[in-house]
Each structure stands twice: as C-alpha cells, then as structure tokens.
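S.K.: Just passing along the structure, written as structure tokens.
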Amino acid sequence: MADLKPLFSLDGDLVAAEALLRDVFGIVVDEVIRKGTSASEKCHYSIKKGAAFLGLGTDSVWIVKTDERGKMMPEDLERQISLAEAEGAVPFLVSATSGTTVLGAFDPLEAIADVCQRHGLWLHVDAAWGGSVLLSQTHRHLLDGIQRADSVAWNPHKLLAAGLQCSALLLHDTSNLLRRCHGSQASYLFQQDKFYDVALDTGDKVVQCGRRVDCLKLWLMWKAQGGQGLERRVDRAFALAWYLVEELKKREGFELVIEPEFVNVCFWFVPPSLRGKQENPDYSERLAKVAPVLKERMVKEGSMMIGYQPHGTRGNFFRMIVANPALTRADMDFLLNELERLGQDL
C-alpha cells in the first residue's frame, strides 16, 4: 500500500479514511455502515464473527434459507439480495459452504455463482471441511462450480488429517490482494532490498504476521502419500460412512436424521423405553435428552467420543464424523454395539 497514506496520518481526516477503506476493503463508509453479506442458515459461525471483526456488525449478515438437506436455496439468495438493496444496504459478498458442520451439506455452487455473477458479488466458498473431496475422482462432483469462486477456504487438517493446524485461503486474484489489504511495509521486518525475491515474505500478507508454516505439513503429507494415496483416504472415508449407514439401518433403535451425502452420519439412538412411542406428545422432548446422557456415559467409561447437537427444530442427535484414516469396519460395529450397551436401561 505504498501509494496510500500511512494509517497514523488519517486521524481526523474522514475523507482520507473513507478513501483508504474504499481502496483496501471495497467498503463504502457512511454515517452507518450498511453493507450486506449473505450466508446460509447452516453456515459456520465464523461468518458472523468475521463481520464483527471487520466492524460491519453481525446485523450486516443476511441469512439465506436452506432446504431440508441444509443446502443454500439460490432463489432465496436472490430474494435476500433484493430485500437488502430495498433497505439501502449494498450486498458485496456471498459465502457458500461445501461441507456444512452438522449435516455435511454442499451448497449448489453453480447456481449460486450465477446469482453472484448477475449481481457483481464476490463469491467465497467455505470448503474448510469438504474441500478435500476435490482429490477424489469419484466424489468431486459435490463441489461442481467451485472453480467460479473468488476465494476458497480449505482445511487439510480436517478430512485429510494433516497436523493441526493446516489451513489455506485460495484466491483467483493475481494482483497481490492480500498484501494490498494487510501490508504495513514495516521496514524493520520486511526489507525490500533483500538478496532474494521479497514476494516470498508472507508475513506482510496476513493479519497476524508470525505464524507456523502450515503448507509444510500439507507438502510433507502429500509427498509421503502421493495424490493417489490422499484420494484413497477420501474414498475410504466415504466407504466407511456408507457402511455405518447400512449397519445402522439394520438395527432396532437407530434412526437416521437424513441420508448423508458426505461422511457426516447423523442419527438418533432411540432407547427401549421410547421405541414405538413416536406419537406421544413428549416423545421429541424425551428423545432429545438421550444423547447427552449417553455422551456422559461414554466419556466417563473412556470407550469413545461422539458429538451431538440440536439442529433447527430437531432435538439432540449424534453426529459421527468418519474421517480418521485409522478407522475400520470393526470400529463402526463397536460404535453401534457400545451405544446399545450404554443405552439399554434408558
């Protein structure tokens, strides 16, 4: 940002401050910042957190409806854009998700990209969880359209099981956007007259300056496993998830929340005392209390750990994430057997 005044020279100069924000963030500053970013009902909580950090405020995030599988509905995205504009807001970004946290849903990126293109909006895809599916020739169709995104977030430490933390932000932009946004030109750290290409100094491109070398973890793992090895890791996770689903369907007392399309297997364990009583008025309330009890029991026994949560109008259910490359079919069988054992008296 050598062509801009340093921040310390902007005190009291509102015109210069607005020019800086326009150039760096593309944000128009008014008496009240009225900017809109759109995200689905099932997006990650970090979207609202980011809006707060930027000073936009969480009210600037417009929530887009999702269908019964947790996928963003492009027609409601259009509607929310129109509503935001009618209220004087200026939409500028849409955050889609590839692999939602709970249901593992993949938003329809092609349709969302069409909406963004019509309205001139930046399309960001949160593929932190589902981005690794691109390595699988069998399952990569779930991310069709991701090539049209302006930016993509990806966490190899999730599905690929790289060492925590290992995160990447991928950009279509080739104008050194991160440095233009974050660069402070601190001469005591980022000397411009070094003997090597100073573009290699990534510290001036990120918010926190010093950080671990995340890419080294991914590079080492990729060198060790190879592209085919990582593809097998992804495909095997899908295969184990399908196995768990089929075994779950065979057993009394297990009920799927939805048929999964990813490795998030969401289900209820219905204990003996509640089986066949779905019509009882207190059934849902009583069923929602089962998962917390079983979670406490499994943790205290040290046998396993599975997450649970409510979701919309659905009461607490288990969410088994089949991602650990060391898992086997025997582990899936143990999971079901252990839940039956721990919940037999409920």
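S.K.: Has segment 124-142 got any residue that is over 22 Å from ASN264 (Cβ atoms) and over 11 Å from the mean Cα position of the chain (by Cα)?
M.R.: Within segment 124-142 (the criterion being over 22 Å from ASN264 (Cβ atoms) and over 11 Å from the mean Cα position of the chain (by Cα)), the answer is no, since none of the residues qualifies.
S.K.: Continuing with the same structure: Anything in segment 60-101 that is modelled with pLDDT of 90 or more, touching a helix residue (DSSP H, G or I) at 6+ places or on another chain (Cβ under 7 Å), open to solvent by less than 20 Å² (accessible area, probe 1.4 Å) and in a helix (DSSP H, G or I)? List them, or say none.
M.R.: Selection gives LEU77, ILE81.
S.K.: In segment 221-262, how many residues are more than 22 Å from GLY70 (Cα to Cα) and part of a loop (DSSP other than H, G, I, E, B)?
M.R.: Count: 3.
S.K.: On to the next question. As an exercise: evaluate LEU134 against (1) of a type in the set (A, V, I, L, M, F, W, C); (2) open to solvent by 50 Å² or more (accessible area, probe 1.4 Å); (3) touching a residue at least 24 places away in the same chain (Cβ under 8 Å) and give the number of the one condition it does not meet.
M.R.: Of the numbered conditions (1) of a type in the set (A, V, I, L, M, F, W, C); (2) open to solvent by 50 Å² or more (accessible area, probe 1.4 Å); (3) touching a residue at least 24 places away in the same chain (Cβ under 8 Å), the odd one out for LEU134 is (3).
S.K.: Go through (1) under 27 Å from the mean Cα position of the chain (by Cα); (2) over 14 Å from PHE318 (Cα atoms); (3) open to solvent by less than 20 Å² (accessible area, probe 1.4 Å) and name the single condition VAL245 misses.
M.R.: (2)
S.K.: Now, a different point. Tell me the residue from VAL133, VAL125, VAL115 that is hydrophobic (A, V, I, L, M, F, W, C) and assigned to a strand (DSSP E or B), please. First the steps, then the outcome.
M.R.: Values: VAL133 fails: assigned to a strand (DSSP E or B); VAL115 fails: assigned to a strand (DSSP E or B).
None of the other options fit; the residue is VAL125.
S.K.: Take GLU301 and tell me if it is open to solvent by 20 Å² or more (accessible area, probe 1.4 Å) and not basic (Lys, Arg).
M.R.: Numbers: open to solvent by 20 Å² or more (accessible area, probe 1.4 Å): yes; not basic (Lys, Arg): yes.
It is true that GLU301 is open to solvent by 20 Å² or more (accessible area, probe 1.4 Å) and not basic (Lys, Arg).
S.K.: Right, here's the next one. Hey, among the residues in segment 297-345 that are of a type in the set (Phe, Trp, Tyr) and in contact with a strand residue (DSSP E or B) (Cβ under 9 Å, 6 or more places away or on another chain), which one's nearest to LEU248 (Cα to Cα)? Spell out how you get there, then give the answer.
M.R.: Looking only at segment 297-345, we keep the residues that are of a type in the set (Phe, Trp, Tyr), and these are 308, 317-318, 334.
The next check asks that each one be in contact with a strand residue (DSSP E or B) (Cβ under 9 Å, 6 or more places away or on another chain); those that pass are 308, 317-318.
Details: TYR308: 17, PHE317: 14, PHE318: 12 Å.
In this case the residue turns out to be PHE318.
S.K.: Hey, another quick one. I'd like the residue in segment 196-211 that is in a helix (DSSP H, G or I) and of a type outside the set (Gly, Ala, Ser) and, out of all such residues, is nearest to the chain's Cα centre (by Cα).
M.R.: Out of the qualifying residues, it is LYS205.
S.K.: Just to check your reading of the model, which residue among ARG275, ARG251, ARG319, ARG233 is at negative phi and open to solvent by 60 Å² or more (accessible area, probe 1.4 Å)?
M.R.: ARG275
S.K.: Return the total of residues in segment 259-276 being more than 20 Å from ASP333 (Cα to Cα) and either modelled with pLDDT under 95 or not basic (Lys, Arg) (or both). Working first, answer last.
M.R.: The initial filter retains those residues of segment 259-276 that are more than 20 Å from ASP333 (Cα to Cα), namely 261, 273-276.
From what is left, the residues that are either modelled with pLDDT under 95 or not basic (Lys, Arg) (or both) are 261, 273-274, 276.
Total meeting the criteria: 4.
S.K.: Could you grab me the full set of residues in segment 183-218 that are open to solvent by less than 40 Å² (accessible area, probe 1.4 Å) and more than 27 Å from LEU54 (Cα to Cα)?
M.R.: Passing the criteria: VAL198, LEU218.
S.K.: Which pairs have Cβ atoms under 8 Å, sit 6 or more apart or on different chains, and link a residue in segment 327-346 that is over 21 Å from VAL263 (Cβ atoms) to one that is open to solvent by 80 Å² or more (accessible area, probe 1.4 Å) and acidic (Asp, Glu)?
M.R.: Once the first residue is over 21 Å from VAL263 (Cβ atoms) and sits in segment 327-346, its partners that are open to solvent by 80 Å² or more (accessible area, probe 1.4 Å) and acidic (Asp, Glu) give LEU342/GLU301.
S.K.: Related question: Being farther than 30 Å from LEU230 by Cβ, at pLDDT below 95 and in contact with an Asp or Glu (Cβ under 9 Å, 6 or more places away or on another chain) is the filter here; which residues of segment 302-346 pass it?
M.R.: Within segment 302-346, just GLY312 meets the criteria.
S.K.: Then there's this: Name the pairs: first residue in segment 181-203 and farther than 22 Å from CYS215 by Cβ, second residue surrounded by fewer than 10 Cβ atoms within 10 Å (Cβ to Cβ), Cβ to Cβ under 7 Å, at least 6 apart or on different chains?
M.R.: From residues that are farther than 22 Å from CYS215 by Cβ, the pairs are GLN185/ALA2.
S.K.: Identify the single condition in (1) among the small types (Gly, Ala, Ser); (2) open to solvent by 60 Å² or more (accessible area, probe 1.4 Å); (3) part of a strand (DSSP E or B) that ALA153 does not satisfy, given that it satisfies every other one.
M.R.: Failing condition for ALA153: (2).
The values are calculated or read from the model by the stated rules, or taken from the named source; none is laboratory data. Here the structure is a predicted model, which means the values were calculated and not measured. Glycine also receives a Cβ, built like all others from the backbone with ideal geometry; neighbour counts cover every protein chain displayed. Please note that ligands, DNA and RNA were not included when accessible areas were found on the heavy atoms of the full protein model with its side chains. Shrake-Rupley method; radii C 1.70, N 1.55, O 1.52, S 1.80 Å.
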